[in-house]
Amino acid sequence: MRSPEKISGTPITRFAPSPNGWLHLGHAFSAIFASETAKALGGKFLLRIEDIDVGRCRPEYVQGIFDDLMWLGLTWEEPVRRQSEHFATYDTGLKKLRDMGLCYPCFATRKEISDAIEASGIGHARWPLDPDGAPLYPGLYKDLAPAELNRLMWEGRSYAWRLDTEKALALAEDMHGGPITFREDGEGPRGQKGKLPIKPMLFGDVILARKDVPTSYHLAVTLDDALQNVTVVTRGQDLFPATYIHRLLQVLLDLPEPAYRHHGLIRDETGRRLSKSAKDQGLRELRLGGATPDDIRRRIGI
């Protein structure tokens, strides 16, 4: 790992896994990368449990995170922040954005969105996708009349709070005094580095919360990084585009700006990045199978 640039203040990094499966080699790389960055900067390394998806997160996976990271020889600051214990904090952030007139309730189901795309004349094959590969939201329910909005709310329909990204970007640039950028000290997917512009419109009107879960990844991670005084966000290149949304929210909510250090991904022999959904071999399996922490470091090249 190259020596990172020194930054002012107490440098703080974090590793923030979701306990919805066992950690794999890619997680090991990300955790060690964050820990080693903190050491090189003379700072602190935090562990955060991102368990807002209460339906998929499991206690055994939380314990597995602790077991695997301790086995790798990592230590972190206490206490460990668990997002499921801070929903009120995220709801406060969402309320501020709503009071600014930047969010609206969207009642669209996946089928309604799919049908709208098909009926658009463009079709699914040519419909634009966001950086995560999902179809851009076609704007259903965005400009509901107050009477219709009240009716749907009264009926108890499920909904998601979406950010009016175009409106939010215009306001944020006005607040910021011009175009918004972020500092990339690592390496983006195409070698991007230095001061880079944000492009939140690539995501369209992102979901910030749902009726039953008062936050999303974007909102929770942005607020947590600020509340925990994280100064250097280290994470994989697959999350590089998410920075566009996070920097936008930081400006709107008057939060400090961290530096970013994105790193390459651990891939299998076909070039596919490792993932929980693909049930790639976990650290737990490797550990129980007799692998050592040094074996893991050799395999991930760190």
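Label separation (Glu187 vs Lys167): 4.2 nm, computed from points 7 Å beyond Cα along the C-beta direction. Cross-link reach is defined here as a Cα-Cα straight distance under 13 Å, omitting same-chain residues fewer than 8 places apart; for Lys44 the aspartates and glutamates meeting it are Glu36, Glu77, Glu78. Listed by chain and number, the aspartates and glutamates placed with their C-alpha closer than 19 angstrom to that of Lys167 are Asp99, Asp130, Asp143, Asp205, Asp254; residues fewer than eight positions away on the same chain are left out.
Computed from the C-beta positions of Val80 and Asp238, the FRET efficiency with R₀ = 30 Å rounds to 0.80. Amide H contacts under 5 Å for Ile180: Ile198, restricted to partners 5 or more places along the chain or on a different chain, H placed in the peptide plane at 1.01 Å from N. Using θ = phi - 60° in the Karplus curve 6.51 cos²θ - 1.76 cosθ + 1.60, the 3J(HN,Hα) couplings for region 167-173 round to 5, 5, 5, 4, 5, 4, 5 Hz; x is entered for Gly and Pro. Using a cut-off of 15 Å between beta-carbons, work out the net charge of the residues near Asp99 (Lys and Arg +1, Asp and Glu -1, Asp99 not included). Its environment carries a net charge of +1. In order along region 249-255, phi translates into HN-Hα couplings of 5, 4, 5, 5, 9, 6, 9 Hz, rounded to whole numbers, per the Karplus curve 6.51 cos²θ - 1.76 cosθ + 1.60 with θ = phi - 60° and x for Gly and Pro.
Would you mind counting up the charge near Ala38? Only other residues with Cβ under 12 Å from its Cβ, with Lys and Arg at +1 and Asp and Glu at -1. For residues surrounding Ala38, the net value is +2. Applying the criteria of a DSSP loop state and at most 11 other Cβ atoms within 10 Å to the trypsin sites (Lys or Arg not before Pro) of region 132-195 yields Arg190.
Of Ala160, Ala220, Ala145, the residue with the greatest mean-square motion in the GNM of the chain, using alpha carbon springs below 10 Å, is Ala145. Surface composition of region 169-302: carbon and sulfur make up 49 percent of the accessible area, probe 1.4 Å. Around the amide H of Cys106, modelled in the peptide plane, lie the amide H atoms of Ala160, Trp161, Arg162, all under 5 Å away and 5 or more residues distant in sequence or on another chain. Looking at region 66-138, the trypsin sites (Lys or Arg not before Pro) that sit in a DSSP loop and have at most 13 other Cβ atoms within 10 Å of their own Cβ are Arg126.
Mean residue ellipticity at 222 nm, helices only, the chain: -11000 deg cm²/dmol; runs of at least 4 DSSP H residues each add -39,500 (n - 2.57), and the sum is divided by the number of residues. Legend: distances between Cα atoms for Lys96/Lys199; Lys96/Lys211; Lys96/Lys195; Lys96/Lys193; pairs beyond 24 Å are Lys96/Lys195; Lys96/Lys193. Ligands, DNA and RNA left out, the accessible area of region 1-157 computed with a 1.4 Å probe is 52% carbon and sulfur. Using a Gaussian network for the chain with springs between C-alpha atoms less than 10 Å apart, which of these wobbles most: Pro200, Pro105, Pro135? Of Pro200, Pro105, Pro135, the most mobile in the Gaussian network model is Pro135.
For region 55-101, GluC sites (Glu not before Pro) are listed when DSSP marks them as loop and at most 14 other Cβ atoms sit within 10 Å of their Cβ; the list is Glu77. For the pair region 58-80 and region 237-266, the centres of their Cα atoms are 24 angstrom apart. Rounded to the nearest Hz, the phi-derived 3J(HN,Hα) couplings of region 60-71 under the Karplus curve 6.51 cos²θ - 1.76 cosθ + 1.60 (θ = phi - 60°) are 5, 6, 4, 4, x, 4, 4, 4, 5, 5, 5, 4, where x marks glycine and proline.
For Glu257 and Leu202, compute 0.36 nm times the residue count separating them, minus their Cα-Cα distance, and round to one decimal in nm. Write out the running numbers ahead of the final one.
On the way: separation 55, 0.36 × 55 = 19.80 nm, distance 2.09 nm.
Length difference between fully extended and current span is 17.7 nm.
Probing with 1.4 Å while keeping every protein chain in the model, the per residue accessible area of the chain equals 50 Å².
The values are calculated or read from the model by the stated rules, or taken from the named source; none is laboratory data. Note that the structure is predicted; figures quoted are calculated from it, not measured. No Cβ is skipped: glycine too gets one built from the backbone with ideal geometry, and neighbour counts run over all protein chains shown. For the accessible areas, the whole protein counts, side chains as well, though only heavy atoms, and no ligand, DNA or RNA atoms are used. Shrake-Rupley method; radii C 1.70, N 1.55, O 1.52, S 1.80 Å.
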